[in-house]
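Chemist: Before we start, here is the structure in question, set down as structure tokens.
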Amino acid sequence: MTHDHDLVLRPTPAQIEAALNPPPGRTGGDLVVETLSGLGATTVFGLPGQHALGMFDALRRSPLRYVGLRAENNAGFAADAYGRITGEAAPLLLSTGPGALLSLAALQEAAAASAPVVAIASQVPAAGLGGGRRGYLHELRDQQASFRDVVKSVHTARTPSQIPSAIAAAWESALTAPHGPVWVEIPQDVLTAETTLPVVTAMDATPEDVVPRPELTAVAAHLLAHAERPVIVAGGGVVRSDASGKLRALAERIDAPVVTTFGGKGAFPWEHPLSLQSWLEDRHTTDFLEDADVLLVVGSGLGELSSNYHTFAPRGRVIQIEADAGKLESNHPALGIHADARLALQAILETVGERTDPTAPERVAAVLGRVRDRLAAQDLDLEQRVVAAVREALPARAPSFWDMTILAYWAWSAFDARHPNTMHSAQGAGGLGYAFPAALGAAVADPSRPVLAVSGDGGAMYSLAELATARQYGLDVTWLIVDDGGYGILREYMTDTYGEATGTELTRPDFVALAESFGVPGVLTTPGTLAADLAKSLATPGPSVVVLPALLRMFEPTHL
């Protein structure tokens, strides 16, 4: 079998002439940007630093669009969101040492959420590699070691000629299912060294598909067609592989109820008669999943949040489709199928027999009714009104990005994402400060629709500098800040566990005045006016801030 990238194309005479006479004044940094362009990149994120200036100088000689943020972790979050929205690898240009290390939190989130980010960092001059302590600025004994446990793969270019191959290998790694961040580092003197190498042209770094084994999908199809109570759990892998249509086709073919994980929001229609929605932190849903005689888990590792904090104990047969081999059967024994979700669902659809169960919609409705009754007994009208107001204001296909805040925790379970790949949060790694810089990256990726960011006041303080970025590039992002005077969810956890909270109360600025000082319009809203204020801000081009002072509470946990 011959693959397209196994073929060697014969250069034309004009290409030979261009290769023999490259333009003067190019450096290793030019090889970086030429390689990125050759791989299909159009946009890069990052922040310049002394050792990385060779790359940044080369940007002005390239067609690449540069979007600079004010802190490296925020640049990483923006690249993460760009990768999630486009499905393309997002280049992230960083400097050595402190600049590189600041990106770690963002790269951890990209790894947890399988976002394809190609981080390219400078290094100390090549003479300082290998652990010698030469006293260079930003020097680390082993910079790679700080990233090796976070990213999918690590690559080094020690000479200019190694740059294209190193970046191409990283690019392929980032886009191989499961997607994820990768790390490339290049010494300062390699980036600034003049080169007479030919200009890098189009490169092919197309990854191989992760194809399911046919005997496994045949068994899965048989089990599902003959099950009495099949149920499907759809995770983020369904969204990333663009498999929502195939998921729906399978669910309808076998009349199987579907619950989406928080990472799989939008993978299945919220109001579909077979939709259990996303109430995974509810014992009624957990009980329903446990009662399934065949449980198909697609694109999820059934981790902490997807298993009601590991209280889920399936009694039936589990089938798990997962592109990340490390997640296969990591929490429950299963018929493990290592594959891209789309390809595996297609294979099952080709062989699965039709199954009818007129009771399935009734059973789904009964579970959702019990969930509603449980919430109704807890005096949570404010929280549900706020979630509903956000949904009312947000256009159906507009993406939203949620920080680690109480409203986001509600949204994981209660928010109708309406479409795949439109709702994203930091629940993969769980760090603060994700929402606003990620929303900026999404606005760069698709400027045709507004983007919503949702933060608490504590998380917002991580990202305030990026108001300048939003204004500089005119990005169409509305930032909803729910101000409860501290780290609200931690306050609640500590009060419930220890009787009182410590370290959770925060002095914070006047967020409206602060936004306006950046030239970004801000508005103070109330729960009653939130839908209208948010809709107006989303409909107005450019960045804006909406501040909601509100003390929200979480619904009672069922896993304790």
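Chemist: For the chain, which whole percent of the accessible surface, found with a 1.4 angstrom probe, sits on carbon and sulfur atoms?
Modeler: Numbers: 11850 of 22410 Å².
Using a 1.4 Å probe with all protein chains present, the chain comes out at 53 percent carbon and sulfur.
Chemist: Tell me the label only: which of (i) 41, 31, 20; (ii) 37, 32, 21; (iii) 46, 29, 20 is semi-axes √(5λ) of the Cα gyration tensor in Å as calculated from this structure?
Modeler: Entry (i).
Chemist: Rounded, prolate or oblate: which one fits the stretch 220-299, using the alpha carbon gyration tensor with axes a ≥ b ≥ c (rounded when a/c is under 1.5, else prolate when a/b beats b/c, else oblate)? If you can, show how the numbers build up before the last one.
Modeler: Numbers: a/c = 1.59, a/b = 1.08, b/c = 1.47.
Verdict is oblate for the stretch 220-299.
Chemist: So what does the Cα-only Debye profile of the stretch 286-419 read at q = 0.09, 0.15 Å⁻¹, as log10 I(q)/I(0), no solvent term?
Modeler: -0.37, -1.03
Chemist: For Val211 and Thr507, what is the calculated FRET efficiency with R₀ set at 60 Å and r taken between the beta-carbons, to the nearest 0.05? Walk me through the numbers before you get to the answer.
Modeler: Values: r = 55 Å, r/R0 = 0.92.
Efficiency for this residue pair is about 0.60.
Chemist: Can you pull the one-decimal nm distance between simple spin-label points at Arg355 and His310, each 7 Å off the Cα toward Cβ?
Modeler: 3.0 nm
Chemist: Now a separate question. Sort 205-216, 466-477, 337-348, 483-494 by packing, meaning the average of other beta carbons within 10 Å per residue, with the highest value first.
Modeler: So the order, starting with the most tightly packed, is 337-348, 466-477, 483-494, 205-216.
Chemist: In whole angstrom, how far apart do the alpha carbon centroids of the stretch 322-383 and the stretch 98-166 sit?
Modeler: Using only Cα atoms, the two centres lie 39 Å from each other.
Chemist: Compare the Cα positions of Ala58, Thr525, Ala174 along the charge dipole of the chain (+1 at Cβ of Lys, Arg; -1 at Cβ of Asp, Glu; about the Cα centre) and return the one farthest towards the positive end.
Modeler: Comparing the listed Cα positions along the dipole, Ala58 ranks first.
Chemist: Lys pairs in the chain, Cα-Cα under 27 Å, at least 8 apart or on separate chains: how many?
Modeler: Eligible lysine pairs with Cα atoms under 27 Å apart amount to 6.
Chemist: Relative to the Cα centre, what is the charge dipole magnitude of the stretch 246-298, using +1 at the beta carbon of each Lys and Arg, -1 at the beta carbon of each Asp and Glu, and rounding to the nearest 20 debye?
Modeler: Here the stretch 246-298 has a charge dipole of around 360 debye.
Chemist: Still on this structure, I have one more. Just for the stretch 429-559, what percent of DSSP beta bridges are antiparallel, to the closest 5?
Modeler: If we restrict to bridges inside the stretch 429-559, about 5 percent are antiparallel.
Chemist: Same structure again: Percent antiparallel among DSSP beta bridges with both residues in the chain, to the nearest 5?
Modeler: 5 percent
Chemist: When the Cα centres of the stretch 192-243 and the stretch 450-482 are compared, how far apart do they sit, in Å?
Modeler: So the two Cα centres are separated by 33 Å.
Chemist: Might you report the magnitude of the Cβ-based charge dipole of the stretch 69-204 about its Cα centre, with Lys and Arg at +1 and Asp and Glu at -1, to the nearest 20 debye?
Modeler: On the way: 8 positive and 12 negative charges, 56 e Å.
So the magnitude is around 280 debye.
Chemist: Measuring from label point to label point, each 7 Å out along Cα→Cβ, what is the Ile16 to Glu362 span in nm?
Modeler: 7.8 nm
Chemist: Right, next: Evaluate the charge dipole of the chain about its Cα centre and quote only its size in Debye, nearest 20, assuming +1 on the Cβ of each Lys and Arg and -1 on the Cβ of each Asp and Glu. Display every interim value, and only then the final one.
Modeler: On the way: 40 positive and 62 negative charges, 150 e Å.
Around 720 debye, computed over the chain.
Chemist: If you don't mind, there's one more thing I want to ask. Could you tell me which of Pro125, Ala89, Asn73 has its Cα farthest along the dipole of the stretch 30-188 towards the positive end, charges placed at Cβ (Lys, Arg +1; Asp, Glu -1), taken about the Cα centre?
Modeler: In the stretch 30-188, that residue is Pro125.
Chemist: So how do 378-384, 106-112 stack up, highest first, on mean other-Cβ count within 10 Å?
Modeler: Numbers: 378-384: 14.4, 106-112: 26.6.
Highest mean packing first, the order is 106-112, 378-384.
The values are calculated or read from the model by the stated rules, or taken from the named source; none is laboratory data. What you see is a predicted model; the values in this text were computed from it and never measured. When we count neighbours, we look across all protein chains shown, and the Cβ atoms used for this are built from the backbone with ideal geometry, even at glycine. Quick note on the areas: whole protein, heavy atoms, side chains included, nothing else; ligands and nucleic acids left out. Shrake-Rupley method; radii C 1.70, N 1.55, O 1.52, S 1.80 Å.
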